[in-house]
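Notes to accompany the following structure.
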Amino acid sequence: MTAIPLDQGLGLAAALFALGLAGVLVRRNLLFMLMSLEVMLNAAGVAFVVAGARWAAADGQIMFILVLTFAASEVSVGLALILLMHRRNSTLDADASYHLRG
Amino acid sequence: MHELLWLVPTLPLLGSVILMLGAGRLSTRAEAAAGALSVGFAAVIAFTIAGGFLLNPPAGAAYEQTLWRWFDVGGLSVTIGLRLDPLSLVMMLVITGVGFLIHLFATEFMEGEEGYGRFFAYLNLFVAAMLLLVLGDNFLTLYTGWEGVGLCSYLLIGFWWRDPANGLAARKAFIVTRIGDTALLIGLLLIASRLGTLNIAGAMHNAAQSWPAGSPLATLAAFLLLGGAVGKSAQLPLQTWLPDAMAGPTPVSALIHAATMVTAGVYLIARTHALFLLAPAAQYTVGGIGAATLLLAGFSALAQNDIKRILAYSTMSQIGYMFLALGVGAWGAAMFHLLTHAFFKALLFLSAGAVTMRLHHEQDIYKMGGLARRLPVAFWSFLIGSAALAALPLVTAGFYSKEAILSGAWADGSSGRVLWAAGVFGAFITGLYIFRAVFIAFFGEAHTEVSGRYGWRVILPLSVLSVLSVLGGLIELPPALGHVTLLSNLLAPVLPASKEAASVAPLLVASLAGLLGIGLAAVLYWRPARPPAETPLWRFWHAAAGFDWLYDRLLVRPVLWAAREGADDVIDSVYDAIAWTARTLHEHVRRTQNGRVRFYTAGLAIGSISLIAIAMIR
């Protein structure tokens, strides 16, 4: 099995990250924003794995597992918040809740 | 036994801390117990130590107890230490003994008042500070106590803080005495820098060594200490705060503004008498101030209708006698009068408090009348106190102490004769004004309803103080009347002996003056009818010769004017500009705080991308 070149792997990560960021900025539905966040996290994970493979070090995979754990905990809290917001506002539109404006 | 000396100031302090921490959690009974017993135990220890001291005097006539070292900087080492010598012994016994009686009285007097525990917390703190003042072996400890009693005086004058007038009186007392305190502090710094020590005994020893009599430095130091004493003891020209201080509860007036704190100035001068002996000019001034104050306050007391204000002016007047005694070098006589004055003035204030307790806090003597039969306990106490104040010959303590002062003044040469004449005239005025109050308030027709009865906590202090006011003078009798010298023997190691008049004539004249005053009061006020007409003369003395008016025009108004005018000057506009800029920026920046998550995310993304771009380009 030939190794994936570093620049191609990082290019994939950058594309994924940009897609996720665009999703967070463009989508108004909170659920989709959360999913886009997951995409961004995974982009970071891909970057770690590719770098780990390039230098044949275990750190990249360890960091990926850490990122996965973070993502799981973030999703659990995020989903609970979304559920609460849906109960309060009966909508998942992020722009509909601006009660924290200064 | 004297190892327990540190407990004497510590116990009241402990009581105060307990009352402060337990505020709102203790029952009224517990608060009264903590307040009165802490001083009571301190008094028991103080009297036990005094017994040991008298039976078995220590070497050098002083116990010294060093508690700990405060600081040691640049060759100046200051320890927290207590020194018990005959002078501080007398003061300690007065403070704890009379203080305990007043605390006991206050537990009944203050019943049902809001802030019962707060009152005793302040009062205990006062006793602790006052004991520190008289027991401290160096000037810094003394000054700590000096400021402590000033603070407690402020807190207690403004105790009934819901009335803004009381807060005003408290601030006035604090600010006016502060002028004196500042002079005292400068004086202490002068002593510390020139004599190299703050230990009182050491400084006095060094002063006598390095400063010749009449040297400018000694005179300056003595005048600065005198400034402090004048402020604390309400003498001319810083006397205006004392009558207003009567806004506090009556036990406060008895303890702080009659028996103890206001005599701190007398104590300070007696304590530093070595310095005043080096500065004759300062010592003459002390006597002059005393004579002027005793006459001014005596006349002012004649034109008052409020019983507590009469007593306040009479306190000023009696402390004037003590200053007069210090001025003519009758140090022992000043301390003797301090002692008897603490008894009879506390008695007068407490019996006046006992009267107002039953008259719904009515203090106008013209609204009392005929109380002799209806309030016999208060009447007899007030009568005994008045007799002692007016120096009724032979049977009262005040007679012997005032006699000692006038005798010392008579023996002090020609300038002493002038002061003696002022003192004798003051004795006449004293008899007149205090028996004016007695006749108007306790005789004639009744004007007010009397309700309630006295408990033992009122009767016991009044009885003890009455006995002391009568018999307290027997510790020191003039040569013509038995020649007892217990007090001067006790004070001999710390205070130089006083001169005494050899002949009996001045003694007779002074006794006659007091009797004449009482007699005139009986003639004028036996059948009192109406309050006096408001003649210009009456108004002049009612306002204590217009010092308040003068200071208001001379000092208060210019300062207020300058403060008002200076409120919008150039410097102020700089700070205004800073505030304006901050507010304007805030108005703009707060628009970005719009509560939209996606806006914030975009901001974060743009920010991070820009930072990374900058990092890469560099």
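The values are calculated or read from the model by the stated rules, or taken from the named source; none is laboratory data. Just so it is clear, the structure is predicted and the values come from calculations on it, not from any experiment. All Cβ positions, glycine included, derive from the backbone under ideal geometry; neighbour counts span all protein chains shown. The protein model used for the area step is the full one, side chains on, heavy atoms only, and it has no ligands, DNA or RNA in it. Shrake-Rupley method; radii C 1.70, N 1.55, O 1.52, S 1.80 Å.
Among the residues of region B:207-221, are any surrounded by 24 or more Cβ atoms within 10 Å (Cβ to Cβ) and modelled with pLDDT of 85 or more? Yes; the residues of region B:207-221 include at least one that is surrounded by 24 or more Cβ atoms within 10 Å (Cβ to Cβ) and modelled with pLDDT of 85 or more.
Per this entry, A:ALA14 is counted among residues that are away from chain B (no Cβ under 11 Å) and open to solvent by 50 Å² or more (accessible area, probe 1.4 Å).
Out of B:PHE174, B:PHE223, B:PHE159, I need the residue that is aromatic (Phe, Trp, Tyr) and assigned to a loop (DSSP other than H, G, I, E, B). Which one? Spell out the reasoning first.
Working: B:PHE174 fails: assigned to a loop (DSSP other than H, G, I, E, B); B:PHE223 fails: assigned to a loop (DSSP other than H, G, I, E, B).
Criteria check complete, one pass: B:PHE159.
When you scan region A:48-60, do you find a residue that is closer than 21 Å to B:THR601 by Cα, at pLDDT 90 or above and away from every other protein chain (no Cβ under 12 Å), even just one? Checked against the condition, which is being closer than 21 Å to B:THR601 by Cα, at pLDDT 90 or above and away from every other protein chain (no Cβ under 12 Å), region A:48-60 yields no hits at all. Residue count for region B:12-30, restricted to those that are open to solvent by 20 Å² or more (accessible area, probe 1.4 Å) and more than 22 Å from B:LEU93 (Cα to Cα): 12. Taking every residue in region B:192-207 that is closer than 16 Å to B:ALA218 by Cβ and pairing it with any residue that is part of a loop (DSSP other than H, G, I, E, B) and open to solvent by less than 50 Å² (accessible area, probe 1.4 Å), at least 6 positions away or on another chain, the pairs with Cβ-Cβ distances below 6 Å are B:ALA192/B:LEU198; B:ALA203/B:THR197.
Yes/no per residue for (1) within 14 Å of chain A (Cβ to nearest Cβ); (2) surrounded by fewer than 10 Cβ atoms within 10 Å (Cβ to Cβ):
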position	(1), (2)
B:PRO536	no, yes
B:PHE540	no, no
B:ALA543	no, no
B:GLY546	no, no
B:ASP552	no, no
B:ARG557	no, no
B:GLN593	yes, no
B:ARG598	yes, no
B:ALA605	yes, no
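Quick check: anything in region B:579-588 among the charged types (D, E, K, R), within 14 Å of chain A (Cβ to nearest Cβ), farther than 30 Å from B:ALA325 by Cα and open to solvent by 70 Å² or more (accessible area, probe 1.4 Å)? Don't jump to the end; show me each part of the working.
Of the residues in region B:579-588, the ones among the charged types (D, E, K, R) are B:583, B:587.
When the remaining residues are screened for being within 14 Å of chain A (Cβ to nearest Cβ), the result is B:587.
Now narrow it down to the ones that are farther than 30 Å from B:ALA325 by Cα: B:587.
From what's left, open to solvent by 70 Å² or more (accessible area, probe 1.4 Å): B:587.
Yes, there is a match, as at least one residue in region B:579-588 is among the charged types (D, E, K, R), within 14 Å of chain A (Cβ to nearest Cβ), farther than 30 Å from B:ALA325 by Cα and open to solvent by 70 Å² or more (accessible area, probe 1.4 Å).
When the test is whether a residue is within 30 Å of B:LEU294 (Cβ to Cβ), more than 14 Å from every other protein chain (Cβ to nearest Cβ), modelled with pLDDT under 85 and assigned to a helix (DSSP H, G or I), B:ASP572 does not pass it.
Of the residues making up region A:68-90, those that are open to solvent by less than 50 Å² (accessible area, probe 1.4 Å) and more than 14 Å from every other protein chain (Cβ to nearest Cβ) are A:ALA71, A:VAL75.
When each of B:LEU101, B:LEU37 is tested for being open to solvent by less than 70 Å² (accessible area, probe 1.4 Å), at pLDDT 85 or above and under 23 Å from B:VAL467 (Cα atoms), the lone residue that passes is B:LEU101. When B:GLN304 is tested against (1) in a helix (DSSP H, G or I); (2) in contact with a helix residue (DSSP H, G or I) (Cβ under 7 Å, 6 or more places away or on another chain), just one condition goes unmet, and that condition is (1).
Scan region B:261-301 residue by residue and report those that are in a helix (DSSP H, G or I), of a type in the set (Ser, Thr, Tyr) and open to solvent by less than 30 Å² (accessible area, probe 1.4 Å).
If we filter region B:261-301 for residues that are in a helix (DSSP H, G or I), which is where we start, we get B:261-271, B:273-278, B:280-301.
Subsequent filtering for residues that are of a type in the set (Ser, Thr, Tyr) retains B:263, B:267, B:284-285, B:293, B:300.
Those that are in a helix (DSSP H, G or I), of a type in the set (Ser, Thr, Tyr) and open to solvent by less than 30 Å² (accessible area, probe 1.4 Å): B:THR263, B:TYR267, B:THR293, B:SER300.
If I filter region B:461-484 down to residues being over 28 Å from the mean Cα position of the chain (by Cα) and free of Cβ contacts under 8 Å to residues at least 12 places away in the same chain, which single residue comes out as surrounded by the most Cβ atoms within 10 Å (Cβ to Cβ)? My answer is B:VAL484.
Quick one: is A:LEU6 within 15 Å of the chain's Cα centre (by Cα) and either closer than 29 Å to B:GLY603 by Cβ or of a type outside the set (Gly, Ala, Ser) (or both)? Considered against the rule, which asks whether it is within 15 Å of the chain's Cα centre (by Cα) and either closer than 29 Å to B:GLY603 by Cβ or of a type outside the set (Gly, Ala, Ser) (or both), A:LEU6 comes out as no. Of note, B:ILE429 does not satisfy the criterion of being open to solvent by less than 20 Å² (accessible area, probe 1.4 Å) and either touching a Pro at 6+ places or on another chain (Cβ under 8 Å) or in a loop (DSSP other than H, G, I, E, B) (or both).
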